[in-house]
Amino acid sequence: MVFHIPWIYTPVRTILAIWHQLTKTEIPELTRVSVMMRERSRVEDTMYAMQKAGAGSLQVISDFDMTLTKFAHKGKRVPTTHNILNNRLLIDDDSTVKMKKLFNTYYPIEIDASLSPEEKLPYMVEWWTKVHDLLIQQRIRKDELARAVRDSNAVLREGCSAFFDCLAEQRVPLLIFSAGVGDILEEVIRQNHVFHPNVHIISNYMDFDHIGVLQAFKGQLIHSYNKRAGALSQGAALRELHGQPNVLLLGDSLGDLSMADGVSTAQNILTVGFLNDQVEERKESFLNSFDIVLLRDETMDVPNAILRFIVSSEISKVHREK
């Protein structure tokens, strides 16, 4: 008598897929209602490939304003690095009004889902150029920046310190690619005690004269929709600095997706998008672009969970050695 065992005739690839589903480690944070994924299987496959490669193959590239910082806190908008400079200590009332008018004019264009990045680009150049010119006219002093940050309502996302600390502990490079003001960005993370040696920043930096007064901004202008050009211009430096082929990318706009373009050796890229504003209008474009979309989530819970999963084999190894 011959007994037929059905699963023997199942293709090997199917058996491996079933085994993968049975043995996979669940990440509870990815099941929240605020988390959306168009291709969950692709996200899981990418995470497993990154975990298998380990922390030594990982780098993190992140935007700063409204990505590492909160979008809103206690019902109020959290200031961006540019808005932190909108302080009576640094600029006069007339400039404050002008800064607000520029924001009200150009921010709706920046997040308009009906416009392509190419259509937005000239408006972003106009916005950043006008803001920088306005700031230069105010003759801002370098020694006043730390106080302006302390007096501001800048708040990192909940769990951000743990994220920075884990990256530093695992020696994973963190590249912060920001269209904001680098000097202010550095001061924010310094005052939050997370400016570790593995943190590297590409941003718009102020140029001060010999007595510490702002006279210009250094180098190429970086705004929301030219980060690809900025990334490619930094390509050689990024390859030398990082070399890790797996990238966890965090951002809050479609322009942030190009931040990894300078990493020519990238093998696996997992993108996480924080959708903070005009959620319904922008949801579809975010889902078509980011691997994981977080809806009005003011925490770093999901990035922290992903990071813990990727470096879990390294953590287990350390515990075994102890």
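The values are calculated or read from the model by the stated rules, or taken from the named source; none is laboratory data. Just so you know, these numbers come straight off a predicted model, no measurement behind them. Note that each Cβ is placed from the backbone with ideal geometry, even for glycine, and that neighbours are counted across all protein chains shown. With ligands, DNA and RNA removed, areas are computed over all heavy atoms of the protein, side chains included. Shrake-Rupley method; radii C 1.70, N 1.55, O 1.52, S 1.80 Å.
General remarks:
- Relative contact order, percent, region 240-307 [alpha-carbon distance under 8 Å, six or more residues apart]: 29 percent
- Accessible area in square angstrom per residue, region 246-290, 1.4 angstrom probe: 32 Å²
- Average Cα contact separation per residue, region 18-169, under 8 Å, 6 or more apart, as relative contact order %: 30 percent
- Surface composition of region 81-222: carbon plus sulfur atoms hold 49% of the accessible area, using a 1.4 angstrom probe and ignoring ligands, DNA and RNA.
- Label-to-label distance, nm, for residues given as Gln220 and Asp94 (7 Å Cα→Cβ offset): 3.6 nm
- As a ratio to 2.2 N^0.38 Å, the alpha-carbon radius of gyration computed for region 82-159 takes the value 1.26.
- Label sites at Arg77 and Ile211, each approximated as a point 7 angstrom past Cα along Cα to Cβ, lie 3.5 nm apart.
- Using θ = phi - 60° and Karplus 6.51 cos²θ - 1.76 cosθ + 1.60, couplings along region 131-143 (whole Hz; Gly, Pro as x): 5, 5, 4, 4, 5, 4, 4, 7, 6, 5, 9, 4, 6
- Potential lengthening between Ile27 and Asp151 on full extension [0.36 nm per residue; Cα-Cα distance subtracted]: 40.9 nm
- Close amide H pairs (under 5 Å, H built 1.01 Å from N) link Ser62 with Leu175, Ile176, Phe177, Leu250, residues at least 5 positions away or on another chain.
- Note, ³J(HN,Hα) from phi for region 40-49, Karplus 6.51, -1.76, 1.60, rounded to Hz, x at Gly and Pro: 4, 4, 5, 4, 5, 4, 5, 5, 5, 5
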